[in-house]
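Participant: Handing you this structure, nothing more for now.
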Amino acid sequence: MLKIVKNPDEEMFKEVQTAVKANDGYCPCRVEHNALSKCPCSYFRNQTTAGECDCGLLMKVEVSDNE
């Protein structure tokens with residue numbers, strides 16, 4: 001099972017979080033501003049494997065079913 005967590009690199013997290021806020025809540029990696037690019041963007045929400053989002057704000061990590 002996958003769980004969404006913030007990037008453990010605090011400096012990177014804060015930098016991207018600031019960029020998202022300055023971009024009115026839209027992913028700073030996306031040119032278009034629409035429902036698909038609202039952070040967390042649909043590309044990341046639909047991601048089915050562990051890993052970070054394109055901008056590095058969030059990560060999906062594997063967890064056991066009882067966590």
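The values are calculated or read from the model by the stated rules, or taken from the named source; none is laboratory data. Bear in mind the structure is a predicted one, so any value in this text is a computation, not a measurement. With ideal geometry, Cβ positions are generated from the backbone for all residues, glycine too; neighbour counts draw on all protein chains shown. Accessible surface areas use protein heavy atoms only, side chains included; no ligands, DNA or RNA. Shrake-Rupley method; radii C 1.70, N 1.55, O 1.52, S 1.80 Å.
Participant: Within the set of other residues whose C-beta is less than 10 Å from the C-beta of L36, count the net charge using Lys and Arg as +1 and Asp and Glu as -1.
Facilitator: Details: positive: R30, K38, R45; negative: E32.
That works out to +2.
Participant: Separate question: Tell me the per residue accessible area of the chain using a 1.4 Å probe; a whole number in Å² is fine.
Facilitator: That works out to 67 Å² per residue.
Participant: Out of the total accessible area of the chain (probe 1.4 Å, heavy atoms of protein only), what percent is carbon and sulfur? Walk me through the numbers on the way to the answer.
Facilitator: Working: 2380 of 4480 Å².
Roughly 53 percent, rounded to a whole number.
Participant: Using only helices, what value at 222 nm comes out for the chain when you add -39,500 (n - 2.57) per DSSP H run of length 4 or more and divide by the total residues, to the nearest 500 deg cm²/dmol?
Facilitator: -7000 deg cm²/dmol
Participant: Tilt of helix 10-22 relative to the longest C-alpha principal axis of the chain, in degrees (0 to 90, nearest 10)?
Facilitator: 40
Participant: Let me ask something else. Check the straight Cα-Cα distances from K21 and name the lysines below 18 Å, setting aside those fewer than 8 residues away within the same chain.
Facilitator: Cross-link targets: K6, K38.
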